[in-house]
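Trainee: So that we are looking at the same thing, I have put the structure below in structure tokens.
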Amino acid sequence: MKVAIVMGSDSDFPVVEKAVATLKKFGVPVAVNVLSAHRTPDEALIFAKEAEKNGIDVIIGAAGKAAHLPGVLASQTTLPVIGLPIKSSTLDGMDSLLSIVQMPGGIPVATVAINGAENAALLAIQMLSLKEKSLTDALKAYRAEMRAKVLEKDQKIQEKIKDC
Ligand code: RP5
């Protein structure tokens, strides 16, 4: 097992599934669990304490509202923890973002954008690529594909503006 995604509620899954799909696309093994810093604090702490022993290399912590889960996980392990703020409240996800990003000194959480599930997965893959060269090659191919798509869009715009 390489990447573990822990989400505060199953209601986070519609966002989290994009991270799962990205990790699978790169052939990275992924486990997904529902554990809450507030509703199942004991289980969340044990999960993080045992993550390294269980063969996990990177943890993605996804949570909304008062999103303490990624920080709580990070407090129990030296594995890198990526925080994925979920837009699940009337505050448009700003509460989740600030709860995750404003960590006290000494316990970092690498925070991606609100609902930035794909970037959370890509960042995890970049971390894993330090040890696995095949992932570096796959990331480079992914970026080349992205570049080609943007250049194609640019070309289409050039055609469109001729008719304006
Ligand atoms: C957080 O509270 C979860 O991560 C979720 O984003 C939010 C709402 O949870 P539910 O009430 O939908 O279970 O802990």
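Throughout, read-outs are computed from the coordinates displayed, never taken from laboratory work. A quick note: this is a predicted structure, and the numbers were derived from the prediction, not measured. When we count neighbours, we look across all protein chains shown, and the Cβ atoms used for this are built from the backbone with ideal geometry, even at glycine.
Trainee: Which residue fluctuates the most in the chain, going by a Gaussian network model with Cα springs under 10 Å, if the choices are 139, 97, 84?
Mentor: 139
Trainee: Is it possible to state the helix-based mean residue ellipticity at 222 nm for the chain, with each DSSP H run of 4+ residues giving -39500 (n - 2.57), the sum divided by total residues, to the nearest 500 deg cm²/dmol? What is it?
Mentor: Calculated mean residue ellipticity at 222 nm is -15500 deg cm²/dmol.
Trainee: Kindly express, to the nearest 10 degrees and within the range 0 to 90, the angle between helix 133-162's C-alpha long axis and the longest C-alpha principal axis of the chain.
Mentor: Long axis of 133-162 versus the principal axis of the chain: about 40 degrees.
Trainee: Related question: Over the Cα atoms of the stretch 69-118, what is the Rg over Rh ratio if Rh follows Kirkwood?
Mentor: On the way: Rg = 10.7 Å, Rh = 11.0 Å.
In the stretch 69-118, Rg relative to Rh is 0.97.
Trainee: Next question, about the same structure. Return a whole-number percent for the relative contact order of the chain, with Cα pairs under 8 Å and 6 or more residues apart as the contact set.
Mentor: 21
Trainee: Follow-up question, since we're still on this one. Could you compute Rg(Cα) / (2.2 N^0.38 Å) for the chain, with N its residue count?
Mentor: 1.15
Trainee: To continue, here is another question. Out of the trypsin sites (Lys or Arg not before Pro) in the stretch 1-86, which ones are loop residues according to DSSP with at most 15 other C-beta atoms within 10 Å?
Mentor: Those satisfying the criteria are 39, 53.
Trainee: Under 10 Å, Cα contacts only: if you run a Gaussian network model on the chain, which one of 103, 146, 127 comes out with the highest mean-square fluctuation?
Mentor: 146
Trainee: For the stretch 20-103, calculate the relative contact order in percent as a whole number, restricting contacts to Cα pairs under 8 Å that are 6 or more residues apart.
Mentor: It rounds to 25 percent for the stretch 20-103.
Trainee: Moving on. Go through 24/65; 53/133; 65/133; 49/87 and tell me which ones have a Cα-Cα distance over 31 Å in this structure.
Mentor: 65/133, as the Cα separations exceed 31 Å there.
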